[in-house]
Amino acid sequence: MKKHPGMEHDEPSMTHVKPGATGDIVWQFTKAGEFQFACLIPGHFEAGMVGKLTVK
Ligand SMILES: [Cu+2]
């Protein structure tokens with residue numbers, strides 16, 4: 001993302017929200033495990049916009 005900051009992403013598994021707004025993503029997992037999710041805006045992952053979830 002740092003190499004291509006103008007790159008646009010538009011996938012069903014992602015959403016874009018304005019500051020202070022909210023959005024929804026529906027993920028249907030087909031197997032158990034630990035998964036990471038993160039913001040793709042350059043610098044945001046490093047700033048902590050990342051999370052982990054566990055599917056049991
Ligand atoms: Cu972000």
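Only the coordinates and a few stated rules stand behind these numbers; no lab work does. Since the model is a prediction, treat every value here as computed from it, not as a measurement. Every residue, glycine as well, gets a Cβ built from its backbone with ideal geometry; the counts of neighbours run over all protein chains shown.
If we sort 20-28, 39-47 on the protection proxy, mean other Cβ atoms within 10 Å, highest first, what's the order? Could you put the intermediate results ahead of the total?
Working: 20-28: 7.2, 39-47: 12.3.
Per-residue mean Cβ counts within 10 Å order the peptides as 39-47, 20-28.
Please give, to one decimal in nm, the separation of the simple spin-label points placed at Cys39 and Thr54, each 7 Å out from Cα toward the Cβ.
Rounded to a tenth, the inter-label distance reads 2.6 nm.
Step through the residues of the stretch 27-37 one at a time and calculate ³J(HN,Hα) from phi using the Karplus curve (6.51 cos²θ - 1.76 cosθ + 1.60, θ = phi - 60°), rounding each to whole Hz and writing x for Gly and Pro.
My calculation for the stretch 27-37 gives 10, 10, 8, 10, 8, 6, x, 9, 10, 9, 10 Hz in order.
Once both labels are modelled 7 Å past Cα along the beta-carbon direction, what's the Glu11-Glu46 spacing in nm?
For the pair Glu11/Glu46, the computed spacing is 2.2 nm.
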